[in-house]
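Okay, structure first, notes after.
The values are calculated or read from the model by the stated rules, or taken from the named source; none is laboratory data. This structure is a prediction, so every number in the text was calculated from the model and none was measured. Using ideal geometry, Cβ is built from the backbone for each residue, glycine included, and neighbour counts are taken over all protein chains shown. Note: accessible area is taken over every heavy atom of the protein model, side chains too, but ligands, DNA and RNA are not part of it. Shrake-Rupley method; radii C 1.70, N 1.55, O 1.52, S 1.80 Å.
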Amino acid sequence: MKVIYSCYWGSYLAAVAASLHLGIINDAELSMEKMLNLPMFGKIKNEDFGEMKFIGFDGRNRGVFIIGAKRSGRIIERALNGFAQIYGMEKKTVKFIDLTVYNNFYIGTGVFLIRMLGLRRMGMKILFCGIKKSFAKIKELVGKIMNEPDYFQENVELL
Amino acid sequence: MKIFYYCYGSAHSSVVAASIHLGMLPSDRLPSAKEIEMLPHFDKTDSCEIGTPFFMGIDEYETEIFITGMTNERHLVKKAIYSFLRHSGIDESDLMMVDALKYVNLKTRLGGFLSRRMGLVALGRPLTIKGILEKYADFLALVKETKHKELMGLNKT
């Protein structure tokens, strides 16, 4: 199985979720320093939208990826599931998680300042506020995904 | 080999191109409106199905032909697919993605919008067909070029 965390830009909400999934960050409060040092955080450029970036394998040897899908997460999810089926991959090869619902005003403003105006320091501070606001919800979602019956059962069989 | 004709919503241009490829539409004359209307998936794909690849048939070279919708994010969706296949260890060289949307004119766009988005099928569907018929020669040329590339690809392997 491939667990793919997706958000508009790919390297903010998705990077946080993937890091939570892989235990790079845990339940402790997210600090600005920790956030900036997450793998791929803020590193996906516009020209890399759509490209799956590998972050690591989880405890059950499943690949964890992030992707910048803009607002096309659902379309990409259907496409990847379809292609997986066409190429004879096992069922539930793709676990696609669209995190755009966790976007908020602060994240949008922060990213705008960083990407459009080049105001990195100010933008990061605002972005951090936004991510902190969504952090508990993302953590809950990642926890749910890791304990989902289909995900869990498949992995138990492999252990 | 697998060929994927793609367009906005996998309801019009990709269906027509794939159908010409598979001989379900004529290559030597204009089809009738009825012939187009009867095609599988023509003006039927719902918005919630966009992205899903649909199997259309197997051509004379044993190549599987599919259609898929990518909205206006064709570059992004294609990139995601190729990236996924690479990470899955699948050889992309036997895969062709063909853009069928480039030959869609205003009539088909408007008809598609009315039929698929607004649910005004009786108004939109004839308009999409009219637009397709106007550009039919371009679709024939697209399929001819695709088949040429398909043969070149098959000869390489």
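Which stretch or stretches of the stretch B:1-25 have amide N atoms under 19 Å from the point lying 7 Å from B:GLU60's Cα along the Cα→Cβ direction?
B:1-3, B:17-25
What does the convex hull of the Cα atoms come to per residue for the protein assembly as shown, in Å³?
Details: hull volume 47.4 nm³, N = 316.
Expressed per residue, the convex hull around the Cα atoms of the protein assembly as shown is 150 Å³.
Taking each full run of DSSP H in chain A as one helix, which ones are at least 30 Å long along their axis (Cα atoms) and have mean Kyte-Doolittle hydropathy of at least -1.0? Mind dumping the intermediate values first?
Numbers: long enough: A:120-147 (37 Å, 0.14).
Flagged H segments are A:120-147.
Pull out the extension gain between B:ASP28 and B:MET118, defined as 0.36 nm times the separation in residues minus the alpha carbon to alpha carbon distance; nm, one decimal.
Working: separation 90, 0.36 × 90 = 32.40 nm, distance 3.43 nm.
Computed gain between B:ASP28 and B:MET118 is 29.0 nm.
Suppose every Lys and Arg Cβ carries +1 and every Asp and Glu Cβ carries -1, with no other charges. What dipole size does the stretch B:27-154 come out with about its Cα centre, to the nearest 20 debye?
That gives a dipole near 740 debye.
For A:LEU36, put the label point 7 Å out on the Cα→Cβ axis and report which residues of the stretch A:120-148 keep their amide N under 13 Å from it.
Backbone N within reach: A:120-128.
Please sort B:97-104, A:68-75 by packing, taking for each peptide the average over its residues of neighbouring beta carbons within 10 angstrom, highest first.
Going from most to least packed, we get A:68-75, B:97-104.
Using only the Cα atoms of chain B, build the gyration tensor, take square roots of its eigenvalues as a ≥ b ≥ c, and label the shape rounded, prolate or oblate: rounded if a/c is under 1.5, else prolate if a/b is larger than b/c, else oblate.
Because a/c hits 1.5 or more and a/b fails to exceed b/c, chain B counts as oblate.
Run through the stretch A:1-104 and list the GluC sites (Glu not before Pro) located in a DSSP loop whose Cβ has at most 15 other Cβ atoms within 10 Å.
Details: sites: A:GLU29, A:GLU33, A:GLU47, A:GLU51, A:GLU77, A:GLU90; in loops: A:GLU29, A:GLU51, A:GLU90.
The qualifying sites are A:GLU29, A:GLU90.
Report the per residue volume, in Å³, of the convex hull enclosing the C-alpha atoms of chain A.
Numbers: hull volume 16.3 nm³, N = 159.
So the per-residue hull volume is 102 Å³.
Pull out a ≥ b ≥ c, the square roots of the eigenvalues of the alpha-carbon gyration tensor of the stretch B:1-63, then state rounded if a/c is under 1.5, prolate if not and a/b is larger than b/c, and oblate in the remaining case.
Working: a/c = 2.31, a/b = 1.14, b/c = 2.02.
Oblate, since a/c reaches 1.5 and b/c is not below a/b.
Go through B:MET97, B:LEU123, B:PHE55 and say which Cα lies farthest out towards the positive end of the charge dipole of the stretch B:41-157; charges sit on Cβ, +1 for Lys and Arg, -1 for Asp and Glu.
B:LEU123
Can you give the accessible area buried between chains A and B, summed over both chains, with a 1.4 Å probe, in Å² to the nearest 100?
2300
Taking chain B as a Gaussian network, where each spring joins two C-alpha atoms under 10 Å apart, which residue of B:ARG116, B:ARG74, B:ARG29 fluctuates the most?
B:ARG29
Calculate, for the stretch B:22-157, the solvent-accessible area per residue in square angstrom, rolling a 1.4 angstrom probe over the heavy atoms of the protein chains.
52
What net charge is computed for the residues neighbouring B:ASP99, neighbours being all others with C-beta under 10 Å from the C-beta of B:ASP99, Lys and Arg scored +1, Asp and Glu -1?
Every neighbour counted, the sum reads +3.
Scan chain B and report its longest stretch carrying no GluC sites (Glu not before Pro) that are both in a DSSP loop and have at most 11 other Cβ atoms within 10 Å.
B:63-157
State the answer as a single residue: which of A:PHE57, A:ALA84, A:LEU113 lies farthest towards the positive end of the charge dipole of chain A, with beta carbon charges of +1 for Lys and Arg and -1 for Asp and Glu, about the Cα centre.
A:LEU113
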